[in-house]
Amino acid sequence: MTIAILALQGAFAEHAQMLEALHVDSVLIRNLEDWDNYIQQNPQHQGLIIPGGESTAMTRIIRDEGLYEPIRQAILKGMPVLGTCAGLIMLDPQHLNTMDITVRRNAYGRQLGSFNHVADIKSIGKDFPLTFIRAPYIEAVGPGVEVLAEVDGHIVAAHQGNQLVCAFHPELTSDTRVHEFFLSLVK
Ligand code: GLN
């Protein structure tokens, strides 16, 4: 199994390190050629991670590189995807438009731009160290979306079929359980 990591900008290297710790191969996707090669060479067990970063910049580059439609179609056809922070934003109706969530960007304001928290994540486990960096939260979810975690009454993790998103950064901790859960969707 090899996982594709969208590497246009942001915290993609940390996801690659996380997968390495789990003895899973990954390939960085920087352009359409990388993506086409990934799809051809991995006809089975495909999976995509969209990292944190800056969703406006990521959206511009994803379009410039011709990756917008290929990635959107792959997700709609069922490719498992893990979106963290900006990667969560990327799946909402304003961006790739694959997940039925309403997202508030930079939801914690400047003062609370970055903070840590501990919470349980439904279906995945208890007492996760959660790292938020200028994070979004999910304001509302559609009927097909399962809420997995909340912090102070705001949704910070959710799951809709093949799509798993979190507002925090599991790749910046040593806790591998979110990635392991994602890998279980790929298998
Ligand atoms: N604030 C960023 C955005 O709106 C997300 C921050 C992050 O990914 N750490 O895209």
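Where a number appears in this text, it was derived from the coordinates with a stated rule and is not lab data. Source: prediction; values computed, not measured. Here the Cβ is made from the backbone with ideal geometry for all residues, glycine too, and neighbour counts use every protein chain on show.
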Problem set entry | Of all residues in the range 47-71 being β-branched (V, I, T), under 24 Å from K187 (Cα atoms) and within 15 Å of the ligand (Cβ to nearest atom), the one that is surrounded by the most Cβ atoms within 10 Å (Cβ to Cβ) | I50
Problem set entry | Residue list for the range 130-187, filter: surrounded by fewer than 16 Cβ atoms within 10 Å (Cβ to Cβ), acidic (D, E) and in a helix (DSSP H, G or I) | E180
Seminar exercise, completed: Pairs returned, first residue in the range 34-62 that is at positive phi, second residue that is more than 8 Å from the ligand (Cβ to nearest atom), beta-carbon separation under 7 angstrom, 6 or more apart or interchain, are H45/M1; H45/V186; H45/K187; G53/Q9
Exercise. Out of (1) more than 29 Å from H45 (Cβ to Cβ); (2) crowded, with 19+ Cβ neighbours inside 10 Å; (3) under 15 Å from the mean Cα position of the chain (by Cα), what's the single condition that is false for R105?
Worked result: (2)
Exercise. What are the residue pairs meeting all of these: first residue in the range 159-176, first residue farther than 16 Å from L96 by Cβ, second residue part of a helix (DSSP H, G or I) and of a type in the set (S, T, N, Q), Cβ atoms under 8 Å, and 6 or more apart or on different chains?
Worked result: E171/Q17
Problem set entry | Breaking point among (1) under 17 Å from S55 (Cβ atoms); (2) in contact (Cβ under 8 Å) with a residue 40 or more places away in the chain; (3) under 15 Å from the mean Cα position of the chain (by Cα); (4) within 16 Å of the ligand (Cβ to nearest atom), for T131 | (1)
For this session: Please verify whether the range 166-177 includes one or more residues that are of a type in the set (D, E), within 16 Å of the ligand (Cβ to nearest atom) and in contact with a His (Cβ under 6 Å, 6 or more places away or on another chain).
Result: yes
Exercise. Restricting the range 72-84 to residues that are closer than 22 Å to V178 by Cα and assigned to a helix (DSSP H, G or I), which is nearest to the ligand (Cβ to nearest atom)?
Worked result: I75
Exercise. Residue check: is A119 over 27 Å from A57 (Cβ atoms), touching a residue at least 12 places away in the same chain (Cβ under 8 Å) and either in a strand (DSSP E or B) or touching a Gly at 6+ places or on another chain (Cβ under 9 Å) (or both)?
Worked result: yes
Problem set entry | Pairs with Cβ under 6 Å, 6+ apart, first in the range 85-104 and in a loop (DSSP other than H, G, I, E, B), second hydroxyl-bearing (S, T, Y) and within 14 Å of the ligand (Cβ to nearest atom) | H95/T59
Problem set entry | Search result, residues across the range 39-62 that are in a helix (DSSP H, G or I) and within 18 Å of the chain's Cα centre (by Cα) | S55, T56, A57, M58, T59, R60, I61, I62
Problem set entry | Residue that is farthest from the ligand (Cβ to nearest atom) [pool: residues in the range 11-38 that are part of a helix (DSSP H, G or I) and touching a Pro at 6+ places or on another chain (Cβ under 9 Å)] | D36
